[in-house]
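Taking it in order: structure first as structure tokens, then the write-up.
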Amino acid sequence: MGGVPYLQYDGPVLDEATVAGVADVLRSGQLTSGPWVRTFEAALSAFCDGRPVRALTSATAAVEVALQLCGIGPGDEVITSAQSFFTVPNMIVKVGAKPVFVDCDLITRNIDLAAVEAAITPRTRAIVPTHWPGSLVDMDALHALARRRGLRVIEDAALVLGSRWRGRNVGAFGDLVTFSFHPNKNITSIEGGALVVNDDDEARRVEPLRFHGIIPLPDRTRDVAFPGGKFNLPDVNARIGAAQLARLPEFLARRRALVDRYVERFATDPACVLPPRPEGDDGQSWNMWSVLLPLDRLTMTRKAFRDALDARGIGSGVSYEALHLTTLGRRFGYREGDFPVAERIARETVTLPLHAALTAADVDRVCAACAGILAAARR
Ligand SMILES: Cc1ncc(COP(=O)(O)O)c(C=O)c1O
């Protein structure tokens with residue numbers, strides 16, 4: 001690309017102090033879960049107003065453990081959005097339960113709570129919504145509905161670490177909450193995730209679920225009563241995660257400034273559908289900037305658009321495919337047309353570069369490329 005750097009659509013910022021800190025952990029001889037996991041968990045717990053938090057190897061592991069903690073299994077139904085990453089339905093099916101999909105909002109992409117209520121049956125055990133960057137699920141309505149109908153809530157907060165609801169961090173209240181520290185999230189531990197639970201009893205019950213089902217006995221031997229997972233986070237990852245968490249406000253401010261720039265500069269003809277507009281100090285975090293292409297007014301496909309971005313040195317993603325139309329989703333009887341909004345998003349969405357290492361000039365470059373590609377493909 002003639003010296004112009006390729007813009008990844010995601011990417012972590014790792015400082016030299018963190019690199020040195022990892023070297024210290026490697027030299028310490030403490031390679032798997034140890035003191036840094038406890039430090040990271042304590043920092044996450046402080047972030048969640050003192051609620052207990054347990055670190056795991058991914059948010060996917062955290063969702064699986066959360067479902068198990070709720071005792072969800074065969075015969076149970078779990079309601080979730082047809083627009084999200086594959087994690088939630090995968091884990092619902094993995095524990096033996098049935099995923100019940102509902103549609104979402106076109107702009108916020110959050111789950112439709114009226115559709116959730118309509119989908120509740122006597123077998124429903126939990127609601128697992130994904131919060132979207134730029135706009136949280138209405139937490140008052142979500143938790144009131146769950147209380148009224150006697151359901152558990154597992155918030156998939158993978159994309160919204162640092163978002164606030166009525167001044168409180170996501171994770172500081174509610175029921176069970178899961179976070180991801182994958183490199184494309186607001187902070188990273190390379191791979192990693194966390195589960196926020198309600199009390200010490202639940203935190204104790206996470207231990208065997210994340211480590212082989214092992215229960216230590218007073219005579220220093222061990223018992224296993226069920227086949228637990230192997231989801232303990234290594235100290236190297238926890239060291240990185242702890243350093244990253246300390247920089248979260250800075251990362252979020254950078255992402256927000258870049259989103260403000262996108263809002264100011266993103267003008268295409270024909271017009272794309274844009275994410276919700278950020279408003280002042282609205283408490284929202286911005287993990288991604290995804291637009292909907294006006295495909296019915298273009299002579300090009302989404303793939304051709306993404307290929308054209310690629311040719312200009314700009315990466316992009318699809319967030320996300322419609323979950324009910326995957327081979328797995330169809331196995332539960334779902335078909336095209338079941339959730340029109342989720343399906344439209346799945347067809348038209350493109351995630352553009354957004355991460356804390358980007359500059360305003362990078363955003364301008366993306367905006368100019370999108371405008372140019374779309375103008376040339378106008379019907
Ligand atoms: C919305 C959402 N939930 C859950 C996950 C799973 O995160 P992890 O990779 O830590 O398992 C992701 C990952 O991209 C995600 O985007």
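Quick note: the coordinates plus some simple rules give every number you see, no bench work behind them. None of the values given here were measured: they were computed from a predicted structure. Note: ideal-geometry Cβ built from the backbone for every residue, glycine included; neighbour counts use all protein chains shown.
Using Cβ point charges alone (K and R +1, D and E -1), the dipole size of the chain about the Cα centre works out to roughly 500 debye.
Mean sequence separation of contacting Cα pairs (under 8 Å, at least six apart), scaled by the length of region 141-221, corresponds to a relative contact order of 19 percent. In a Debye calculation with equal point scatterers on the alpha-carbon sites of region 241-379 and no solvent, what is log10 I(q)/I(0) at q = 0.09, 0.16, 0.20 Å⁻¹? After summing over all Cα pairs, the log10 values are -0.32, -0.91, -1.19.
Using the Cα coordinates of region 2-108, the gyration tensor eigenvalues translate into equivalent-ellipsoid semi-axes of 33, 24, 14 Å, sorted from longest to shortest.
When Rg and Dmax are taken over the Cα atoms of region 157-213, they come to 12.6, 39 Å.
Estimated translational diffusion coefficient (Stokes-Einstein, Kirkwood radius over Cα pairs, 37 °C, 0.692 mPa s) of region 69-174: 237 µm² per second.
Secondary-structure-derived ellipticity at 222 nm for the chain, considering helices only, amounts to -11500 deg cm²/dmol, per-run term -39500 (n - 2.57) for DSSP H runs with n ≥ 4. Pairs of lysine residues in the chain that meet both criteria, 8 or more places apart or on different chains and Cα atoms under 26 Å apart, total 5. Calculated on C-alpha atoms, the gyration radius of region 226-312 divided by its Kirkwood radius gives an Rg/Rh of 1.14. Can you bin region 135-254 into rounded, prolate or oblate? Criterion: square roots of the alpha carbon gyration tensor eigenvalues sorted a ≥ b ≥ c, rounded for a/c under 1.5, prolate for a/b above b/c, oblate for the rest. Oblate is the answer for region 135-254, as a/c is 1.5 or above yet b/c matches or exceeds a/b. Averaging over all projection directions, the Cα-based convex hull of the chain occupies 20.2 nm² in the image plane.
If you filter region 47-135 for GluC sites (Glu not before Pro), then keep DSSP loop positions with at most 14 other Cβ within 10 Å, what is left? When the GluC sites (Glu not before Pro) of region 47-135 are filtered for loop state and at most 14 Cβ neighbours within 10 Å, nothing remains.
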